[in-house]
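So the structure is just underneath, and the comments pick up after that.
The values are calculated or read from the model by the stated rules, or taken from the named source; none is laboratory data. Predicted, not measured: the structure shown is a model, and the values here were computed from it. So basically every Cβ, Gly included, is an ideal-geometry build from the backbone, and we count neighbours across all protein chains shown.
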Amino acid sequence: MFMKIMTTVGIMGIFLATSGFAQTTLKEAFKNDFLIGAALNEAAFTGQNINAVALIKTQFNTISPENVLKWESIHPKPDQYDFSAADRYVEFGQKNKMFIVGHTLVWHNQTPKWVFQDDQGNPVDRDTLLKRMHKHISTVVGRYKGKIGGWDVVNEALNEDGTLRDSPWEKIIGEDYLLKAYQFAHEADPQAELYYNDYSLENAPKQNGAVALIKKLQAQGVPITAVGLQGHYKMDWPGPQQVDATIQAFSKLGVKVMITELDLDVLPPATRSQAAEVSMNFALQAKLNPYTNGLPDAVQQTLAKRYADLFAVFVQHHDTISRVTFWGVTDGDSWLNNWPVKGRAAHPLLFNRDGKPKPAFNAVIQTSKLPQDLQKLM
Ligand code: XIL
C-alpha cells in the first residue's frame with residue numbers, strides 16, 4: 001500500500017510550495033485530461049522574469065506567445081521580418097519540451113496598415129493582398145515548421161451576431177480569405193494543427209455563425225483541427241451550462257475544442273459588452289479599480305468557486321478539450337491590468353503578483369481526478 005501511494009505521489013510530480021506543504025501541479029493534475037498552458041510575454045521566455053520561468057516550467061506543458069508572433073511584431077514593414085523574439089519563444093518551448101502554439105496569422109488587430117495599402121495609402125486589390133497573405137504565412141509557418149505544433153490561423157473573423165466581420169481582409173479579398181489562409185498554412189506545414197480562435201462563441205448568435213463557418217470550411221476541404229474559445233470570461237458570464245453547450249456544439253462537428261486565453265475578470269465592468277475587442281479603451285476611475293491592495297478573501301473565494309465550476313465542465317469534456325491555456329502566468333502579467341481600462345490592478349489568474357498560488361489554484365486542482373484517486377488510496 002505504501003509503495004502504491006509513493007508511486008502515485010511520484011507520478012503526480014509534487015513540488016514544495018513556499019507555504020511548506022506538498023501540492024500537485026496543474027500539468028500533473030490534468031495530464032490525463034488536456035494540456036495546460038500559459039501565454040508568455042518576452043520577460044518570461046527570455047528568462048528575465050526568473051519567478052515566472054520557475055512557475056512555467058513547473059506548472060505548464062504548452063505555451064502561447066502573447067504578442068511576439070503577431071503580424072506587427074514579426075513583419076513590421078513590407079520587406080522586413082523580425083524573428084528575434086519569436087525565435088527565443090520557440091527555443092524556450094523546445095528546450096522545455098512543451099507543445100508550442102502559434103498565435104496568430106490573420107487578424108484585424110495588431111496588423112500594420114501597410115498590409116492593406118499601396119504606396120499612396122489607397123486600399124490594395126484582392127490579388128495583391130492574397131499575395132501578401134501567402135508570403136507572410138509561408139514565411140512564418142515555414143520558419144517554424146515541425147516546431148510550432150498548431151496555429152491560430154484566423155482570429156476573430158465574426159461579429160457578435162454571427163455574421164462575417166467587415167475586416168480589411170474581408171473587404172478586400174472577400175469571404176474566401178478564410179479558406180485561402182487555411183490553405184496557405186496547410187501548404188506551409190502539412191503536419192501543423194490548424195485552429196479557428198474567437199471570443200464570445202458561448203453566445204448563441206455568434207456560436208451559430210461559427211458552426212456554419214467551420215462546416216463551410218470543412219466542406220471546402222480545410223483540415224481544421226480545433227476551435228479555440230478564448231475564455232476572457234466575467235464573473236457572471238458565461239454560465240457553466242452555456243460553456244458546456246458550446247463545447248458540445250463544436251464537438252459535434254468533429255473538431256477539438258480548446259480554451260485558449262482563459263482569465264476571469266473580477267473587476268467592476270467598465271462596459272456591458274462581453275466582447276474581448278482589444279481596441280476598447282475606457283477612462284480610469286477609482287470605482288473601477290477597487291483592489292489595488294490585493295484581493296479581499298471573500299472575492300478570492302468567489303473567484304475560486306467560479307474557476308472550479310468552469311474546470312468541472314472542462315474535465316467532464318476531457319475527450320473533446322485538448323488544451324486549457326491561461327492568458328498570462330501571474331496576475332501582474334495579465335493584459336487585464338490595461339484592458340479595457342489602462343492602469344488597474346487585475347486579479348484574473350491562479351497565481352498572484354508574487355507568483356504564489358491563490359485559493360483558485362487549489363479549487364482548480366480539486367476538480368481534477370488525480371487528487372481524489374490519491375485520497376482514496378490513503
Ligand atoms: C492581447 C495582449 O495580451 C496584449 O498584450 C496586447 O496589447 C493586445 O492583445 N484576444 C487575442 C489576444 O486573441 O491576442 C489578445 O492579446 C487578447 C484578446
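Residues are listed down the side, and each one gets a yes or a no for (1) more than 21 Å from the chain's Cα centre (by Cα); (2) surrounded by 23 or more Cβ atoms within 10 Å (Cβ to Cβ); (3) modelled with pLDDT under 95:
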position: V324; (1), (2), (3): no, yes, no
position: L350; (1), (2), (3): no, yes, no
position: I365; (1), (2), (3): no, no, no
position: K369; (1), (2), (3): yes, no, yes
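Going through (1) in a loop (DSSP other than H, G, I, E, B); (2) modelled with pLDDT of 95 or more; (3) within 16 Å of the ligand (Cβ to nearest atom) one by one, Q274 falls short only on (2).
Residues of the range 196-222 being part of a loop (DSSP other than H, G, I, E, B), surrounded by 14 or more Cβ atoms within 10 Å (Cβ to Cβ) and over 20 Å from the mean Cα position of the chain (by Cα), which ones?
Listed by number, the list holds a single entry, V222.
List the helices (runs of 4 or more DSSP H) that sit entirely inside the range 1-62 and contain at least 3 residues that are at pLDDT below 95 and more than 24 Å from L262 (Cα to Cα). Show your work before the answer.
Values: elements: 2-12, 26-29, 42-45, 50-59.
Answer list for the range 1-62: 2-12.
Looking at the range 227-242, which of its residues are closer than 15 Å to Y199 by Cβ and either in a loop (DSSP other than H, G, I, E, B) or under 16 Å from the mean Cα position of the chain (by Cα) (or both)?
Answer for the range 227-242, where residues must be closer than 15 Å to Y199 by Cβ and either in a loop (DSSP other than H, G, I, E, B) or under 16 Å from the mean Cα position of the chain (by Cα) (or both): V227, G228, L229, Q230, G231, H232, Y233, K234, W237, P238.
Any idea which of H136, H108 is surrounded by fewer than 22 Cβ atoms within 10 Å (Cβ to Cβ) and part of a helix (DSSP H, G or I)? Of the residues listed, the single one that is surrounded by fewer than 22 Cβ atoms within 10 Å (Cβ to Cβ) and part of a helix (DSSP H, G or I) is H136. Consider the range 96-126 and keep the residues that are within 22 Å of D152 (Cα to Cα) and out of contact with any strand residue (DSSP E or B) (no Cβ under 9 Å at 6 or more places or on another chain). The one that is farthest from the ligand (Cβ to nearest atom) is K97. Quickly run through the range 57-92 and pick out the residues that are among the aliphatic types (A, V, I, L, M), farther than 14 Å from R143 by Cα and crowded, with 22+ Cβ neighbours inside 10 Å. Scanning the range 57-92 gives a single hit, I63.
If the condition is being outside any helix (DSSP H, G or I) and in contact with a Pro (Cβ under 8 Å, 6 or more places away or on another chain), then the range 161-195 contributes D161, G162, L194.
The condition of being over 19 Å from L40 (Cα atoms), touching a residue at least 40 places away in the same chain (Cβ under 8 Å) and surrounded by fewer than 21 Cβ atoms within 10 Å (Cβ to Cβ) holds for only one of A360, A270, A286, A298, that being A270.
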